[in-house]
Amino acid sequence: MSRTTRHLIARARPTGLWRPWGLGALATVFIMGGTAAAIRAIDEPSLAIAALIPAATVFAIALFIVPVQWLPSLAMAVLALFPTRLIPAEGPFNAVPPLAIVMGVWVVRRLLSPGGRGTLPAEKPSALAARYALYATGLLFAVWLVCSIALNGWDETSIGWSVAFVTSVLLPLLVVDARREARLLRETLLVVGALSGLYILVESVLRFSPLYGTASGDLIFSVYRARGAFSHPLFAAAFLTVPALLGIGTWLTEGRRWPLVAGLIAAAGVMGTVSRGPLAAVAVAVGFGILISPLFIGWAHAKRWMQLVVVAAVGGVAALNFGPLVERADSIESRISADVRDRAIDVAFRASDLSGWIGTGPGTSGETSRLFDTIIIENSMLQLLISVGIPGLLFFLAFAAALAWRAAVTGNLAALLALVAYLVAITGFNTLDAVRSMHVIIGVLALLALHGGGREATPFAPSAAPAARPVGDRIPA
């Protein structure tokens, strides 16, 4: 064949060449849009804020450069270790919080990359049924959010809240195989949970924050309540319930001691915040773990079960005798808080009855409850009852139940206990309807429950595995 003939033969173009260009275009749009939104959201420009804009731009660029499987873990590291008061939460970032944007970028990159969406792993029928139940309940909740907004006049607050929840919690479900992300996410949560818990313990001893200073807020309580990088002790405590129970659950099923150490440090951090609701949530989840863990680990590992009982007993005695908790329990602040929580039930029922129990619109529980009383409804479930009504609350609880079912049938005791702890914790303060940046924790729990189990029928799908190297290029062990 002549040289001319060879040049006339059509060559097939490699597939997937458009994806880097598409990814670059999307990165440009995200970076320019995010920077413009940040500038517009600034009411009082200062030198410090001006310095944050290029830093945020660099962070945005990094979202498209770092390995895609790191992004969910990066979101949790920022949440746990970066001062939350410095994370934008006004203007457009109220509807789509920055950490929700990180999760959105992860979804986009996974769906655009070759093999990134993955294929549905081969699973047992029960695991597959739980997966479809999770998708169905999530979709039903999203549909009800749209219906609730339409019924209440397309309120801007309701639209913003719904966008924040869908982006943080439901959008990540589009990635059908994220087992590698879940594995890295669990280890990251253990590390940042231990670091955050250890810092909170040090802060509670020093009675000031040596690293974050006033960046964590100037709240005054009857006793000093450490909060680390978070703006409120309750936010810190609720977050720490997740790594605390992840660590304990991982130790129970795998026998590794590092997760147990990390989980106990995170649990001690919950105690350091002097937050009784999240501390009770840890106790409830540990008690639940004592009851059901033999079904996951079998009686062959009864020694771990007995050790958990001992650890729970020691932790209970330590909490009951923890000085700041005892002091706060005897304070006027504690009695006022208990009275407010009791009144909140009556206010929530009256506010729900105002809409005929179908809700006044997502994110509107605060303004609706203020029609009857000036107190804050310090219960996320009651807030949902007011805002999205009985149908919305039932769909949310069904979604949580599907997560628990999925974790149970895949042997994912750690995610199941973490889910129980967090859901119990948020019944003690207003986070779901009022703090949109915390929605991402539910999204992360959904990823762990959906993809973090160990009873799949097959190992990682070929599309998720790294390409094999030629024999001559392999690195010797």
Check: R0 = 35 Å: FRET efficiency of Glu187 with Glu367, Cβ-based, nearest 0.05?
Finding: 0.25
Checklist line | Inter-part distance where segment 99-161 and segment 252-294 are each reduced to a Cα centre, Å | finding: 29 Å
Notebook entry, point to check: If you roll a 1.4 Å probe over segment 316-464 with all protein chains in place, what percent of the accessible area is carbon or sulfur?
Noted result: 64 percent
Item checked: Radius 11 Å from Cβ of Asp373, net charge of other residues (Lys, Arg +1; Asp, Glu -1) -> +2
Checklist line | Accessible area in square angstrom per residue, segment 158-289, 1.4 angstrom probe | finding: 32 Å²
Check: So, counting K/R as plus one and D/E as minus one, what does the shell of residues with Cβ under 11 Å around Ala415 add up to?
Finding: +2
Item checked: FRET efficiency, 1/(1 + (r/R0)^6) with R0 56 Å, evaluated for Lys303 and Leu151 via beta carbons -> 0.50
Checklist line | Separation of alpha-carbon centers, segment 301-356 and segment 60-89, rounded to whole Å | finding: 31 Å
Notebook entry, point to check: How many percent of the alpha carbon pairs in segment 187-342 exceed a separation of 20 Å?
Noted result: 49 percent
Notebook entry, point to check: Relative contact order, percent, of segment 184-247 when contacts are C-alpha pairs under 8 Å separated by at least 6 residues?
Noted result: 38 percent
Next item on the list: Find how much the distance from Lys124 to Val326 grows on full extension, using 0.36 nm per residue of separation minus their present alpha carbon separation; answer in nm with one decimal.
Entry: 67.8 nm
Next item on the list: Convert each backbone phi in segment 325-338 into a coupling constant with the Karplus relation 6.51 cos²θ - 1.76 cosθ + 1.60 (shift: θ = phi - 60°), then list the ³J(HN,Hα) values in order as whole Hz, x for Gly and Pro.
Entry: 5, 5, 5, 5, 4, 8, 8, 5, 4, 5, 5, 5, 4, 5
Next item on the list: Please report how far the C-alpha centroid of segment 384-408 lies from that of segment 410-424, rounded to the nearest whole angstrom.
Entry: 15 Å
Next item on the list: For a quick protection proxy, order the peptides 78-85, 320-327 by their average other-Cβ count within 10 Å, most packed first.
Entry: 78-85, 320-327
Notebook entry, point to check: Quick one: net charge of Ile345's neighbours, Cβ under 15 Å, K/R +1, D/E -1?
Noted result: -3
Next item on the list: Place the peptides 424-430, 409-415, 266-272 in order of packing, highest mean first, counting for every residue the other Cβ atoms within 10 Å and averaging per peptide.
Entry: 266-272, 409-415, 424-430
Next item on the list: Output the relative contact order of segment 103-202, whole-number percent, from Cα pairs under 8 angstrom with separation of 6+ residues.
Entry: 47 percent
Next item on the list: Taking 7 Å along the Cα-to-C-beta vector as the label spot, tell me the Leu139-Met381 distance in nanometres, rounded to one decimal.
Entry: 2.8 nm
Checklist line | Separation in nanometres of the label points that stand 7 Å from Cα toward Cβ, at Leu111 and Ile290 | finding: 4.6 nm
Notebook entry, point to check: In segment 358-425, how does Rg compare with the Kirkwood Rh, expressed as the Rg/Rh ratio over alpha carbon atoms?
Noted result: 1.11
Next item on the list: Can you tell me the relative contact order of segment 173-318? Whole percent, Cα pairs under 8 Å, sequence separation 6 or more.
Entry: 23 percent
Check: Rounded if a/c is under 1.5, else prolate if a/b is larger than b/c, else oblate: which is segment 309-453, with a ≥ b ≥ c the root eigenvalues of its Cα gyration tensor?
Finding: oblate
Note to self: Using Stokes-Einstein with the Kirkwood hydrodynamic radius over Cα pairs, what translational diffusion coefficient do you get for segment 259-324 at 25 °C and a viscosity of 0.890 mPa s, in µm²/s rounded to a whole number?
What the structure shows: 195 µm²/s
Notebook entry, point to check: Counting only protein heavy atoms, what percent of the accessible surface of segment 147-260 is carbon or sulfur at a 1.4 Å probe?
Noted result: 65 percent
Check: Per residue, what accessible area does segment 67-119 have, given a 1.4 Å probe and all protein chains present, in Å²?
Finding: 40 Å²
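The values are calculated or read from the model by the stated rules, or taken from the named source; none is laboratory data. No experiment lies behind these values; they were computed from the predicted model shown. Cβ atoms come from the backbone with ideal geometry, glycine included; neighbour counts cover every protein chain shown. Each accessible area value is taken on the protein alone, full model and side chains, heavy atoms only, with ligands, DNA and RNA left out. Shrake-Rupley method; radii C 1.70, N 1.55, O 1.52, S 1.80 Å.
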